[in-house]
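The values are calculated or read from the model by the stated rules, or taken from the named source; none is laboratory data. These numbers come from a predicted model, not from an experiment. Positions of Cβ are generated from backbone atoms using ideal geometry, with glycine treated the same way; all protein chains shown enter the neighbour counts.
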Amino acid sequence: MKKILLLTSVLLATAMYKSANAQVSIRVNIGDQPVWGPVGYDFVDYYYFPEADFYYNVPQQQFIYFDGRRWVSAYALPGRYSNYDLFRSYKVVVNDPDPFRRNDYYRSRYGNFRGQSQTIIYDSRDPRYYIIEKHPEHSRWLASRRSNEYGRNYRNDEFNNPRRYDNRDYNRSFNDRNNNRSFDSREFNNNDVKRFNPIPRGNESFRDNRRGPDLRETGNPGREGRPYRRF
């Protein structure tokens, strides 16, 4: 019984590990897909064009066509395809390795799809396709992304260095207020000294009144503050 339980747990762990690996290995190449490609695919290896019987390698961005003797890959189609419209033609998504080696199979299977309508990436307003450079909304998407990155970097900078410039300005203004307050105190003290000086300069009569009557008016000799009488 214990062996059966152990074997069951091992099998479940193996199945979960394989499932996790399968989820991690999901491939996406939306940014490599051309604007004339069909919508609805996160990953594409090849497009097959049943009307003209050639292929397009999406990761390598090359056309693959038969030149009469062998299959040739090139970044542009030869002159005999000059009037071929990639935007209006029907494309079949093929995620098999080297499908041109089985061209008879794909030609017989998808030959009836010629002339059918298909929604292309250029006409789609799905935001996930805005990453494609030739999409009409790419420039707006790129500007919005740069703006968001600038805002994110600014917020991160504020979080890492909170209010660096504001604190410095606040400290400067605080010191200015203290300096003005000290200056006002000095002015107030000087005014107080001038206002409450008990013996102002240049006022001798006030000094004479404090020490008593002026003896010089009576003609009595004696020291200041200690007069003697005449009998």
(request) Return yes or no: is Tyr56 at pLDDT 95 or above, in a strand (DSSP E or B) and more than 22 Å from Gly31 (Cα to Cα)? (result) no
(request) Would you confirm whether any residue within segment 104-121 is touching a residue at least 24 places away in the same chain (Cβ under 8 Å), over 20 Å from Asp45 (Cα atoms) and surrounded by 11 or more Cβ atoms within 10 Å (Cβ to Cβ)? (result) yes
(message) Just to be sure I understand, how many residues within segment 58-69 are in contact with a Ser or Thr (Cβ under 7 Å, 6 or more places away or on another chain) and either among the polar types (S, T, N, Q) or surrounded by fewer than 19 Cβ atoms within 10 Å (Cβ to Cβ) (or both)?
(response) 1
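Is it fair to say Tyr75 is within 24 Å of Glu133 (Cα to Cα), at pLDDT 95 or above, of a type in the set (Ser, Thr, Tyr) and loosely packed, with under 10 Cβ neighbours inside 10 Å? Before you say what the answer is, go through the steps one by one.
Working: within 24 Å of Glu133 (Cα to Cα): yes; at pLDDT 95 or above: yes; of a type in the set (Ser, Thr, Tyr): yes; loosely packed, with under 10 Cβ neighbours inside 10 Å: yes.
Criteria met by Tyr75.
For residues that are among the hydrophobic types (A, V, I, L, M, F, W, C) and within 40 Å of the chain's Cα centre (by Cα), scanning just segment 63-94, find the one that is nearest to Tyr48 (Cα to Cα). Explain how you work it out, then say what you get.
First, the residues of segment 63-94 that are among the hydrophobic types (A, V, I, L, M, F, W, C): 63-64, 66, 71-72, 74, 76-77, 86-87, 92-94.
Those still in the list that are within 40 Å of the chain's Cα centre (by Cα) too: 63, 74, 76, 86-87, 92-94.
Details: Phe63: 10, Ala74: 15, Ala76: 15, Leu86: 11, Phe87: 14, Val92: 5, Val93: 7, Val94: 7 Å.
Filtering segment 63-94 for residues that are among the hydrophobic types (A, V, I, L, M, F, W, C) and within 40 Å of the chain's Cα centre (by Cα), the one nearest to Tyr48 (Cα to Cα) comes out as Val92.
Out of Tyr106, Tyr90, Tyr129, which single residue is under 24 Å from Val39 (Cα atoms), at pLDDT 60 or above and in contact with a His (Cβ under 8 Å, 6 or more places away or on another chain)? Write out each step before concluding.
Values: Tyr106 fails: in contact with a His (Cβ under 8 Å, 6 or more places away or on another chain); Tyr90 fails: in contact with a His (Cβ under 8 Å, 6 or more places away or on another chain).
Residue meeting the stated conditions: Tyr129.
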(request) Sort out which residues of segment 123-140 are closer than 25 Å to Asp53 by Cα and buried (at least 17 other Cβ atoms within 10 Å of the Cβ), and write them in order of number. (result) none
(request) State all residues of segment 95-147 that are assigned to a helix (DSSP H, G or I), more than 18 Å from Val58 (Cα to Cα), under 24 Å from the mean Cα position of the chain (by Cα) and of a type in the set (Lys, Arg); if no residue qualifies, say none. (result) Arg140, Arg145, Arg146
